[in-house]
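Here's the structure we're looking at; comments come further down.
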Amino acid sequence: MPQTPNIDTPLIAMEGVEKWYGTFHALKSINLMVRKGEKIVLCGPSGSGKSTLIRCINHLEPFEEGRIVVDGTALDDSSRTIDAVRREVGMVFQSFNLFPHMTVLENCALAPMRVRGTKKAEAESIARKYLERVRIQDQADKYPAQLSGGQQQRVAIARALCMEPKAMLFDEPTSALDPEMVKEVLDTMIGLARDGMTMICVTHEMGFARQVADRVIFMASGEIIEEGEPEVFFRNPAHARTRAFLGEILAHH
Amino acid sequence: MNIIGPNEILFLLQGLKWTILLSAIGFVGGGVFGLLVALARTSNWKSLRRTTAGYISVFQGTPLLMQLFVVYYGITLIGMEVDAWVAVTIALTLHASAYLGEIWRGAIQAVPKGQSEAANALGLHYVSRTKDIILPQALRLSLPATVGFLVQLIKGTSLAAIVGFIELARAGQIVSNQTYKPLLVFGIVGAVYFVICWPLSLYGARLENRLAAAAAR
Ligand SMILES: Nc1ncnc2c1ncn2[C@@H]1O[C@H](COP(=O)(O)OP(=O)(O)O)[C@@H](O)[C@H]1O
Ligand SMILES: [Mg+2]
């Protein structure tokens with residue numbers, strides 16, 4: 001659909017999104033606008049619908065009501081709109097989900113070749129560029145199982161970047177990592193944020209949230225309970241549920 | 001004549017040649033159609049899943065002997081001349097595709113869901129997702145069971161004798177009738193089957209151990 005370019009036009013817009021799993025109401029009337037270059041941290045207790053929310057944005061999960069518009073494309077259930085959105089949005093999973101039978105380089109070069117029709121040599125040079133950006137270029141010919149968790153997650157970030165997306169979704173990217181590897185992944189994400197990437201990160205790393213988030217959003221029971229700039233959000237949360245949640249998080253860290 | 005000389009051995013080897021050829025036909029035909037069956041069983045299309053589930057049940061639930069009979073006499077019944085070759089090729093292909101299709105369906109579903117999610121998130125479509133991501137992992141997972149089925153198939157080809165093939169087992173029966181040395185002849189025939197099937201079984205077991213070790217890592 002035609003769209004006049006406008007600074008204020010959100011890159012990602014969710015309007016009145018409702019999502020059910022069978023009879024379970026997983027997302028309730030979600031409204032979320034993300035401007036280009038904005039960094040959002042999404043937090044909330046386990047089972048509150050954070051993963052479901054970001055997985056609706058690239059249609060890994062269908063939703064029943066409301067609208068999701070990404071870079072001017074309104075998601076319906078057609079493969080045309082789903083393809084268009086997935087070309088613009090990269091995703092990084094908690095469990096990395098690298099392809100174990102392919103080398104690091106092949107993992108990164110596959111989607112540019114298959115989705116964009118990029119020639120192999122060019123796809124590999126794109127792959128090397130982004131592997132260098134996550135500082136893992138010297139592991140290009142290894143298989144995922146030969147890498148540490150932190151290295152695997154950085155490869156997963158590079159793999160998503162190879163499609164040169166306009167926005168990146170992170171679903172608890174450091175939750176499956178040993179503590180000593182969390183920093184290398186967070187540093188990579190901070191670098192990405194500095195370079196102006198639009199990001200939605202589900203994470204409980206509050207240090208990261210303080211450092212890069214423009215807004216922190218708190219979810220519970222499928223609803224957005226409150227949101228705010230990190231300083232305000234952490235210092236002065238409005239809702240009792242947010243305070244309880246933050247208390248628990250801080251006790252664990 | 002009741003000694004087992006070079007002629008008898010040669011006759012048995014002729015039989016072995018058919019056994020190997022029939023196994024190869026069953027495996028290749030069953031492999032190609034089995035892959036289609038496995039893909040149909042894991043498709044998003046419910047009626048396709050149902051139909052192929054029925055197909056698998058029928059061919060796993062009836063003896064191969066009966067399938068050979070039905071195909072051989074069934075085709076003649078509708079008034080077509082059939083070569084025994086055609087009948088056996090069809091029957092073995094149907095039989096093997098049901099078993100391999102079921103083995104590979106299980107393997108496709110055993111590939112972690114995160115793999116197709118990552119492929120989807122990257123914008124990969126069905127063909128690439130299947131060919132580049134899912135099948136290479138599924139086929140590797142299924143290798144032990146696939147080799148196990150191949151061993152069953154090799155032994156199962158002895159049933160092709162009923163439509164006139166003189167494969168290894170049938171050749172043994174003929175030689176035994178001529179020489180009156182059934183124990184010796186079937187001893188030899190059994191040894192030949194064993195020499196072919198045992199290394200395959202060992203290979204399958206080794207693959208299985210290797211997969212288990214990789215999974216435990
Ligand atoms: N595929 C599914 N089928 C049924 N229920 C699901 C499914 N995925 C998630 N849920 C439920 O939806 C709720 C939200 O899940 P999720 O978005 O994964 O939460 P979070 O990421 O915040 O931990 C949970 O109660 C979960 O049990
Ligand atoms: Mg989650």
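In summary, the convex hull built on the alpha carbon positions of the protein assembly as shown has an orientation-averaged projected area of 30.2 nm². Using a Gaussian network model of chain B in which every pair of alpha carbons under 10 angstrom is joined by a spring, one finds that among B:L124, B:L12, B:L36 the greatest mean-square fluctuation is at B:L124.
How many percent of the accessible area of the stretch B:6-216 is carbon or sulfur, using a 1.4 Å probe? Kindly include the intermediate steps, with their values, before the conclusion.
Details: 7560 of 10880 Å².
Roughly 70 percent of what the probe reaches on the stretch B:6-216 is carbon or sulfur.
Inside 10 Å of the C-beta atoms of A:77-84, what's the mean count of C-beta atoms belonging to other chains?
Details: counts 0, 0, 2, 0, 0, 2, 2, 1.
Rounded to a whole number, the mean comes out at 1.
Across peptide A:160-172, the mean count of Cβ atoms from other chains lying within 10 Å of each residue's own Cβ comes to 1.
Once you sort the root eigenvalues of the Cα gyration tensor of chain A as a ≥ b ≥ c, which label holds: rounded (a/c under 1.5), prolate (a/b larger than b/c) or oblate (the other case)? Display every interim value, and only then the final one.
Values: a/c = 1.77, a/b = 1.24, b/c = 1.42.
Judged from the Cα gyration tensor, chain A comes out oblate (a/c at least 1.5, b/c at or above a/b).
Using a 1.4 angstrom probe on the protein heavy atoms only, line up B:I90, A:I136 by accessible area, largest first.
Numbers: B:I90 70, A:I136 0 Å².
Descending accessible area places them as B:I90, A:I136.
Give me the orientation-averaged projected area of the Cα convex hull of the stretch A:25-175, in nm², one decimal. Provide the component values of the computation, followed by the final result.
Numbers: hull surface 38.5 nm².
Orientation-averaged projected area of the Cα hull: 9.6 nm².
Quick one: if the Förster radius is 56 Å, what FRET efficiency do A:I190 and B:S201 give, using the C-beta to C-beta distance and rounding to 0.05? Rounded to the nearest 0.05, the efficiency is 0.55. To the nearest 10, the accessible area of A:D171 is 20 Å² with a 1.4 Å probe.
When only Cα pairs below 8 angstrom with a gap of at least 6 residues are kept, the stretch B:6-216 shows a relative contact order of 30 percent.
Anything in chain A that counts as a DSSP H helix reaching 15 Å or more along its axis (C-alpha) with Kyte-Doolittle mean of at least -0.5? List them, would you? Helices meeting the span and hydropathy rule in chain A are A:104-116, A:149-161, A:179-194, A:240-252. Given +1 at the Cβ of Lys and Arg, -1 at the Cβ of Asp and Glu and no other charges, the dipole of chain A around its Cα centre is 440 debye to the nearest 20.
Solvent-accessible surface, computed for protein heavy atoms with a probe of 1.4 Å, shrinks by 30 Å² or more for the following residues of the stretch B:117-143 when the other protein chains are added to the isolated chain: B:E117, B:A118, B:N120, B:A121, B:L122, B:G123, B:L124, B:H125, B:D132, B:I133, B:Q137.
Heavy-atom surface analysis with a 1.4 Å probe gives chain A a carbon and sulfur content of 48 percent of its accessible area.
Over all orientations, the stretch B:6-216 has a Cα convex hull whose mean projected area works out to 14.6 square nanometres. Among B:Y126, B:Y55, B:Y203, which one shows the biggest mean-square fluctuation in a GNM of chain B, springs joining Cα atoms closer than 10 Å? Ranking B:Y126, B:Y55, B:Y203 by mean-square fluctuation puts B:Y126 first.
Excluding ligands, DNA and RNA, the accessible surface per residue across chain A is 45 Å² with a 1.4 Å probe. Once all protein chains are placed together, A:T103 keeps about 20 Å² accessible to a 1.4 angstrom probe.
Ranked by the mean number of other Cβ atoms within 10 Å of their residues, highest first, the peptides A:158-168, B:192-202, A:26-36 come out as A:158-168, A:26-36, B:192-202. Comparing mean-square fluctuations of B:A138, B:A110, B:A98 from a GNM of chain B with C-alpha springs under 10 Å, the top value falls on B:A110. Rolling a 1.4 Å probe across all protein chains gives A:Y21 an accessible area of roughly 90 Å².
Can you give the accessible area buried between chains B and A, summed over both chains, with a 1.4 Å probe, in Å² to the nearest 100?
1600
The values are calculated or read from the model by the stated rules, or taken from the named source; none is laboratory data. Here the structure is a predicted model, which means the values were calculated and not measured. All Cβ positions, glycine included, derive from the backbone under ideal geometry; neighbour counts span all protein chains shown. Note: accessible area is taken over every heavy atom of the protein model, side chains too, but ligands, DNA and RNA are not part of it. Shrake-Rupley method; radii C 1.70, N 1.55, O 1.52, S 1.80 Å.
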